[in-house]
Amino acid sequence: MLDTRTERAGTAGPTGGREAPRTARDATAAVNDVLARHLDVRLREAHDVDDVFAREVARRVAAFVQRGGKRFRTAFLWCGWRAVGGEGDPATLLRIGAALELLQGCALMHDDVMDGSPTRRGAPAVHADFARMHRAGKMIGAPEAYSTAAAVLAGDLALAWADDLLTDTALGSRHGRLLHDEWQAMRCEMVAGQYLDMRAQAAGSSAVDDAVRIATLKSALYTVERPLAMGASLAGADARTVEALRSAGRCAGLAFQLRDDLLGTFGDPAVTGKPADEDLRGRKLTYLLAVAVGLASASDDTEAVVALRPDGVARSDSEVARMRAAVERTGARAVVEAEIADLCALSLRHFEASGADPYACHEFASLVEKAAVDVPDRNTPPNSGTTSDRTTAPADTEETA
């Protein structure tokens, strides 16, 4: 059974009239078309419910999901599918990719509310745009409270659309049970990671184990491991192959998050499209911070220990600068860079162990390089063809989150 709503939006026939994507890039380009058609249907349905809701909420969700982003989840979904031969209906693959991108939209909208991030993908975050609308319309009450509630509802709508699309797609696939099991686990992991991230910040944790657990749940599983497994399941992979791909995805996903941590501390906002210093200002528990705290303590660097310790208040610009200098001085940056390199190498070995052919291995390696190794510069503007959700290189995780 196909998703008839997607069919009405222009996806015709069992394969949608489209050849199977030959590369990860082809898959991400094709999923943008699927998203556009699917969201057009959803917007018409929203207008049938209520014009104000459609104009102020549904249209913001659709615009946000279609604005920027590297579609890494779709690319890794394709890699998992291609690793085992790319058998099956390519239209199903693309609909799953579209569902993943809608889920990512939910995660980012909620993440920006929790972090108080004013921008995303080089433009105002959804909650910031709702606050602007509130002020421009001279509405009653606090713009902040209104915008927070509205952005949560917008994220909920993106999640509902994602669930509907994935469920309709799974029902039409002979591998639907496996796909839906992966999807269910991924949603729970995403929420768990987000909560643990928030809790660690509130508790003032500096534990490396906590940081790794959060990065695994909030990024590695959600960004790479689950999409790889879903793609492989769609192509009818056996358990051994899926397990190798899971290992590849977990290592790559952790590498992505560690790169994102480095960019969040040392990146240029003119390139990333996000304000600098948010992680440091709120003292979010990242692997980078946890390593820095451990190194500072081990070397008796009292100044760094003081600069990096939790104090429960947002840091001033000068305090953030001291934190950044302390992280650099401890050598944590170099440690994290080395860990990224090790994780990327291990990820590629696991992917090869899945039995994937050389071309699939090459595509996967290119994605890992682009997301976890390449460091953007000022010549690559936000939301160009080489951007991700949160930064121009990887891990649109908070992506998750």
Original post:
Over the range 77-126, with a single point scatterer placed on each C-alpha, what log10 of the ratio I(q)/I(0) does the Debye formula yield at q = 0.16, 0.18, 0.27 1/Å?
Top reply: -0.59, -0.65, -0.94
Original post:
Which FRET efficiency value, to the nearest 0.05, do you get for ALA185 and ASP300 by plugging their Cβ-Cβ distance into 1/(1 + (r/R0)^6) with R0 = 41 Å?
Top reply: 0.40
**OP:** Scan around ARG67 for amide H atoms under 5 Å from its own, H built in the peptide plane at 1.01 Å from N, and keep only partners 5 or more places away or cross-chain.
**Re:** none
Original post:
Hey, can you rank 166-178, 58-70 by average C-beta count inside 10 Å, highest first?
Top reply: 58-70, 166-178
Original post:
For the peptides 223-235, 285-297, what is the packing order when you average, over each peptide's residues, the other Cβ atoms within 10 Å and list the highest mean first?
Top reply: 223-235, 285-297
**OP:** Specify, per residue and in Å³, the volume enclosed by the convex hull of the alpha carbon atoms belonging to the range 195-316.
**Re:** 122 Å³
Original post:
How large is ³J(HN,Hα) for each residue in the range 19-36, as worked out from phi by the Karplus curve 6.51 cos²θ - 1.76 cosθ + 1.60 (θ = phi - 60°), to whole Hz, x for Gly and Pro?
Top reply: 6, 5, x, 8, 9, 4, 4, 4, 5, 5, 5, 5, 5, 4, 5, 4, 4, 4
Original post:
Most fluctuating residue of ALA160, ALA326, ALA203 in a GNM of the chain with Cα springs under 10 Å: which is it?
Top reply: ALA203
Subject >> Using θ = phi - 60° and Karplus 6.51 cos²θ - 1.76 cosθ + 1.60, couplings along the range 171-176 (whole Hz; Gly, Pro as x) >> reply: 4, x, 10, 6, 9, x
Original post:
Where Lys and Arg each count +1 and Asp and Glu each count -1, what net charge lies around SER354 among other residues with Cβ under 14 Å from its Cβ?
Top reply: -1
Original post:
Within the P(r) computed for the range 18-138, what percentage of the Cα pairs occupies the region above 24 Å?
Top reply: 36 percent
Original post:
Between ASP209 and ARG174, what is the spin-label point distance in nm, taking each point 7 Å from the Cα along the Cα→C-beta axis?
Top reply: 4.6 nm
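What does the charge count near VAL61 come to, summing +1 for each Lys or Arg and -1 for each Asp or Glu among other residues with Cβ under 12 Å from its Cβ?
+1
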Subject >> Cα-based convex hull volume of the range 116-225 per residue, rounded to whole Å³ >> reply: 138 Å³
Original post:
To the nearest 500 deg cm²/dmol, what mean residue ellipticity at 222 nm is calculated for the chain from DSSP H runs of n ≥ 4 alone, each contributing -39,500 (n - 2.57), summed and divided by the residues?
Top reply: -21500 deg cm²/dmol
Original post:
Under a GNM of the chain (C-alpha, springs under 10 Å), which listed residue has the highest mean-square fluctuation: PRO90, PRO358, PRO21?
Top reply: PRO358
Subject >> Semi-axis lengths (Å, descending) of the ellipsoid that matches the C-alpha gyration tensor of the chain >> reply: 34, 28, 16
Original post:
Label ASP374 and GLU87 with points 7 Å out from Cα along Cα→Cβ: what is the distance between them in nm?
Top reply: 3.3 nm
Subject >> Karplus (6.51, -1.76, 1.60) ³J(HN,Hα), θ = phi - 60°, over the range 223-230, in Hz, Gly and Pro reported as x >> reply: 7, 10, 4, 5, x, 4, 5, 5
**OP:** Count the lysine pairs in the chain whose Cα atoms sit under 30 Å apart, keeping only pairs 8 or more residues apart in sequence or on different chains.
**Re:** 11
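Each value in this text was obtained by applying a stated rule to the coordinates, not by laboratory testing. Fair warning: this is a prediction, and the values are worked out from it, not measured in the lab. Cβ atoms come from the backbone with ideal geometry, glycine included; neighbour counts cover every protein chain shown.
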